[in-house]
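**Q** Quick one: the structure is below, questions incoming.
The values are calculated or read from the model by the stated rules, or taken from the named source; none is laboratory data. Predicted, not measured: the structure shown is a model, and the values here were computed from it. Neighbour counts run over all protein chains shown; Cβ positions are idealised from the backbone, glycine included. Calculation scope for accessible area: heavy atoms of the full protein, side chains included, ligands and nucleic acids excluded. Shrake-Rupley method; radii C 1.70, N 1.55, O 1.52, S 1.80 Å.
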Amino acid sequence: MVDIDPGYLSRILARFESDGLVVRERSAADGRRQVIRLTGRGREVIAGLDTRSAEQTRGLLAGLREDDRRRLLGAMRVITENA
């Protein structure tokens, strides 16, 4: 569950919908809920964000010495295993 003010979340989703990134529809199982799906354009935008994020991460890691990079990756592994 996401801890976001419902009004703020509604405005964000309305903007995403008007930008053609998502579609919203009522849940068939519970009319009080909405099902939100990415559109093709939304998937393209997410793919672009993922690509840029990976490039930025590679750039940050490239500036580290090999032993520092190994220590960082080891610490990240511990964090994800214990989450």
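**Q** About its Cα centre, what dipole magnitude does the chain give when the only charges are +1 on Lys and Arg Cβ and -1 on Asp and Glu Cβ, stated in debye to the nearest 20?
**A** About 120 debye.
**Q** Hey, another quick one. Which listed residue (GLY7, ALA54, VAL35) has the Cα farthest towards the positive end of the charge dipole for the chain, taking +1 on Lys and Arg C-beta and -1 on Asp and Glu C-beta about the Cα centre?
**A** With unit charges placed on the Cβ atoms, the residue in question is VAL35.
**Q** For a quick check of understanding: with a 1.4 angstrom probe and all protein chains in place, what accessible area in square angstrom does THR57 have, to the nearest ten?
**A** Accessible area of THR57: about 70 Å².
**Q** As an exercise, identify the trypsin sites (Lys or Arg not before Pro) in the stretch 15-56 lying in DSSP coil whose Cβ has no more than 15 other Cβ atoms within 10 Å.
**A** The qualifying sites are ARG32, ARG33.
**Q** I want to check the label-to-label distance for MET76 and ARG33. Put each point 7 Å from Cα in the C-beta direction and report it in nm to one decimal.
**A** The two pseudo-label positions are separated by 3.3 nm.
**Q** Kindly report the accessible area of the chain per residue (heavy atoms of protein chains, probe 1.4 Å, no ligands, DNA or RNA), in Å².
**A** That works out to 86 Å² for each residue.
**Q** Right, next: What percentages, rounded to whole numbers, describe P(r) for the chain computed over all alpha carbon pairs with 10 Å bin width beginning at zero?
**A** With a bin width of 10 Å, the distribution comes to 14, 26, 26, 23, 9, 1.
**Q** Counting only protein heavy atoms and a 1.4 Å probe, tell me what percentage of the chain's accessible area is made up of carbon and sulfur.
**A** Roughly 55 percent, rounded to a whole number.
**Q** Please list, in chain and number order, the residues 5+ apart from GLN34 or on another chain whose amide H is under 5 Å from its amide H, with Hs placed from the backbone.
**A** SER27
**Q** Around VAL22, which amide H atoms from residues at least 5 apart in sequence, or from another chain, sit under 5 Å from its own amide H, with H modelled in the peptide plane?
**A** Under 5 Å from the amide H of VAL22: GLU17, THR39.
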